[in-house]
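What follows is a single structure, written as structure tokens, with notes after it.
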Amino acid sequence: PASSEMVVLSNIVKHGILAGAQYLLLTIMCWSADVWSTTLTARQFPGHIGPSTFIMIIAIAALCCDWPWRKRCEFEGKLSITASIVYIFGETVQSVVTKGRVASFYIKHGLHAWMAFVIGLCGILLLTSAQLETNAGYRIKDVPHMFFAVAFAFFIYNHKQPNEYGVNMHWVATAWILIGGFLRLRGSTLGDTDSSSGVKESGCAYIMAAYTFTGGQLGLTLWAARNSANPGSFVLAWHAIPIIVIIAYARTFCFGASPSDYQHTNNITRTNSNHTRGAMFLNDGADNSELASFERSPFLGDDSSTVVAKRGV
């Protein structure tokens with residue numbers, strides 16, 4: 001137990017260091033671009049960092065944490081509901097203070113708040129899927145990711161940008177969100193025997209989305225315009241950073257390959273399924289009787305007891 005607690009503490013410290021390094025890097029980049037030179041561009045810094053942080057938390061959990069699917073639904077659901085409440089409450093207070101009204105503001109100008117409301121509803125659906133029997137809950141557990149992706153695309157379509165840099169960055173971020181949502185939904189709808197199918201892949205896509213969305217804020221795109229940056233180069237530069245981040249997280253939190261792994265790479269799903277299926281239903285709290293009604297009997301995640309012992313996540 002003591003060693004497991006030390007592993008968990010060590011991982012918390014590692015997450016803190018990596019997160020702090022990223023916030024420091026982004027702050028320096030935005031400072032260099034004079035993002036805080038005007039009120040308008042300064043307000044866009046938290047307006048992009050906030051949503052990007054929400055996306056990054058889901059992404060990092062997907063990439064680094066091998067959880068049973070019910071635990072992942074509960075985590076993502078609670079996070080989505082919390083983010084929704086915090087944003088809507090904050091914008092409501094701001095509208096009362098600056099405009100003196102709420103209802104008319106949300107009807108005419110509430111694009112961001114309605115997007116946050118959709119995220120909150122997706123969170124409720126995630127929590128609901130975790131509480132359903134396996135045959136239903138497992139199949140709809142990733143549907144909220146596609147709901148979010150489509151809503152995000154519509155949100156970006158209706159969110160006008162002042163220059164081509166902003167247009168490119170926001171639509172690239174949208175593409176990565178759509179890819180991440182598709183990867184998550186694919187594993188559930190195709191009945192893959194690995195319940196984590198698409199999870200780590202979606203985590204990588206969401207990290208790309210978080211960084212490109214951050215790079216699309218007004219202050220940075222105006223800096224690019226002032227310096228006559230090539231639009232394609234600007235977009236690709238904002239792809240290089242998240243790839244480095246993915247490498248850092250993967251090497252820090254994902255298991256390294258053993259010599260035997262190089263000899264059995266073509267049969268990884270079958271091997272993992274046979275080794276962990278029984279343990280997964282126990283760790284997930286699922287009733288074994290559910291297996292009889294669940295076509296292809298997909299197991300419900302990686303062996304969490306093994307992960308805690310080795311990584312503490």
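Taking the conditions exactly as written (among the β-branched types (Val, Ile, Thr) and at pLDDT 95 or above), does VAL199 satisfy them or not?
Answer is no for this residue.
Among (1) open to solvent by 60 Å² or more (accessible area, probe 1.4 Å); (2) closer than 24 Å to ILE60 by Cβ; (3) modelled with pLDDT of 80 or more, there is one condition SER233 misses while meeting the rest; what is its number?
Of everything listed in (1) open to solvent by 60 Å² or more (accessible area, probe 1.4 Å); (2) closer than 24 Å to ILE60 by Cβ; (3) modelled with pLDDT of 80 or more, SER233 misses just condition (2).
Only one of these is touching a Ser or Thr at 6+ places or on another chain (Cβ under 9 Å), in a helix (DSSP H, G or I) and open to solvent by less than 70 Å² (accessible area, probe 1.4 Å): ILE88, ILE81, ILE49, ILE55. Name it.
ILE49
For GLY256, are the conditions met, namely being out of contact with any Pro (no Cβ under 8 Å at 6 or more places or on another chain) and either crowded, with 21+ Cβ neighbours inside 10 Å or of a type in the set (Val, Ile, Thr) (or both)?
no
Within the set of pairs 6+ apart or on separate chains, which have a first residue in region 1-22 that is closer than 22 Å to THR53 by Cβ, a second that is at pLDDT 90 or above and surrounded by 12 or more Cβ atoms within 10 Å (Cβ to Cβ), and C-beta atoms under 6 Å apart?
These pairs meet every condition: LYS14/THR252.
So for region 1-10 (the condition being β-branched (Val, Ile, Thr) and open to solvent by less than 60 Å² (accessible area, probe 1.4 Å)), does at least one residue qualify?
The answer is yes; a qualifying residue exists.
The values are calculated or read from the model by the stated rules, or taken from the named source; none is laboratory data. Just so we're clear, the structure is a prediction, and the values are computed from it rather than from any experiment. Every residue, glycine as well, gets a Cβ built from its backbone with ideal geometry; the counts of neighbours run over all protein chains shown. Ligands, DNA and RNA are stripped out before the accessible areas are found, and what is left, the full protein with its side chains, is counted by its heavy atoms. Shrake-Rupley method; radii C 1.70, N 1.55, O 1.52, S 1.80 Å.
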